[in-house]
Amino acid sequence: MDGISLAKQNYWIDMILRLRKLISLSLEGCELSQVVYPYSSSFLNSSSSIDTLILNNNNLTSSMYRSLFPLTRNKLRILDLSGNILDGIPKYLGNLCNLERLYFYNNSAVVNFPDFLNNLFGCTSLTLQGLLVGHNRLIGKLSNETLRFQNLSLLDTIPLGFWDMWPSQLTYLNLSSNNISRKAPDLSSKSGYISMIDLSSNRFYGPITNVSYTLTSPHLSRNNFYGGISFLCQIDQGFLVVLDLSHNFLSRQLPDGLWHFKELVTPQFWYVI
C-alpha cells in the first residue's frame, strides 16, 4: 500500500488487525501521522500475525508508539521506522523475541542514544541481527548506569566498550553520518559475528588496528583515520568483498596481504599522505 494516503482513514489499525493471516505490511509514505484516530480501544489488546512491518517516511513521532503497539507483537521479525521524526524507541520493542532487523535511520528528531540502546536490552538483544541508525542526530554519553553490566572507562560520545555490548548474532551495524567523535574502535572478533559495518561520515580518528576476520564489508570512509592499513593482514584468510577507506588521512604502502582477498570487488582508498 506504499504511497496511498491514509490521512482520512480513522481506525486503520483496527482494519489491519482484522486480517488475521496478514504476514507482511508496507505503508511507506501513507501520511499516517495525519490520522486522528488510528485505532479504537477495543483493539488495543489484539494480537497481530505480521512479521514484516514497513512504516518509513510517514512523519511519525514517538507519540504514535502507543497506537502501533497492537501491530508490534512477538511475531515481528523486521521493523522499518526510518525517515520519520522519532526521538527513540519504546521499551516494548526490546521485548520482541523474534525481531531480527530494526531500521531507524533518517529520523529528524534528536535521539538520546543511551536511552535508545537501553530500550533494546530485552530478549531482542538475543535475536537482533541488523540495526541501522545512520543519518540521525545522536546525543548523550553512555554511562556506567546505562551499561550497568559493563565495567567501562568512558570517554567521548561512544566508549570503546560500546562494541562489547552487541548481541553475538548481530551481523550488520550502520552508524554512518552521525558526527560521532571517538578513537578508532576495536573491530576484533569480540564484536561478535559482524560482517558488514558502516561507520562512514563521522569523526572517528586514530589508526585502525584490531579487526575481525568475519568482516566482509567495512565502510570506514569520510572520517579522520590515519596511519597504515596493515590491519588487513589480520584478516587475509577472511572473505573481504567491499572495502571503503576513502577520504581519510591514511598513509604508507599497500600491504601484501591485500592481494590475498580473491573476493574483493570494491576497494576504495583515496590515500591522503
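The values are calculated or read from the model by the stated rules, or taken from the named source; none is laboratory data. If you're wondering where the values come from, they're calculated on a predicted model, not measured in any experiment. Note that we place each Cβ from the backbone using ideal geometry, even for glycine, and neighbour counts take in every protein chain shown. Heads up: the accessible areas ignore ligands, DNA and RNA and are worked out on the full protein's heavy atoms, side chains in. Shrake-Rupley method; radii C 1.70, N 1.55, O 1.52, S 1.80 Å.
Evaluate the following for PHE116: is it assigned to a loop (DSSP other than H, G, I, E, B) and buried (at least 17 other Cβ atoms within 10 Å of the Cβ)?
no
State all residues of segment 9-30 that are more than 19 Å from ILE78 (Cα to Cα) and in contact (Cβ under 8 Å) with a residue 24 or more places away in the chain; if no residue qualifies, say none.
GLN9, ASN10, TYR11, TRP12, ASP14
Could you tell me whether GLY134 is closer than 22 Å to SER26 by Cα, at pLDDT below 80 and open to solvent by less than 10 Å² (accessible area, probe 1.4 Å)?
When the stated conditions are applied, GLY134 passes them.
Against the condition over 16 Å from LEU6 (Cβ atoms), open to solvent by 10 Å² or more (accessible area, probe 1.4 Å), in a loop (DSSP other than H, G, I, E, B) and polar (S, T, N, Q), how does SER48 come out, does it pass?
yes
I'm checking my understanding of the structure. Among residues of segment 31-45 that are open to solvent by less than 80 Å² (accessible area, probe 1.4 Å) and in a loop (DSSP other than H, G, I, E, B), which one is modelled with the lowest pLDDT?
LEU44
Every residue in segment 203-258 that is open to solvent by 20 Å² or more (accessible area, probe 1.4 Å) and β-branched (Val, Ile, Thr), please.
Once the filter is applied, which keeps residues that are open to solvent by 20 Å² or more (accessible area, probe 1.4 Å) and β-branched (Val, Ile, Thr), segment 203-258 yields THR209, THR214, THR216, VAL241, VAL242.
When residues of segment 54-100 are filtered for being of a type outside the set (Ser, Thr, Tyr) and assigned to a loop (DSSP other than H, G, I, E, B), how many remain?
Number satisfying all stated conditions: 25.
Check whether at least one residue in segment 188-196 is at pLDDT 80 or above, out of contact with any Cys (no Cβ under 7 Å at 6 or more places or on another chain) and either in a strand (DSSP E or B) or open to solvent by less than 30 Å² (accessible area, probe 1.4 Å) (or both), and report yes or no.
yes
Go through segment 222-236 and count every residue that is polar (S, T, N, Q) and within 18 Å of SER200 (Cα to Cα).
Here the count works out to 2.
Give the residues of segment 1-30 that are in a loop (DSSP other than H, G, I, E, B) and closer than 16 Å to LEU81 by Cβ, sorted by residue number.
Correct list: ASP2, LEU27, GLU28, GLY29, CYS30.
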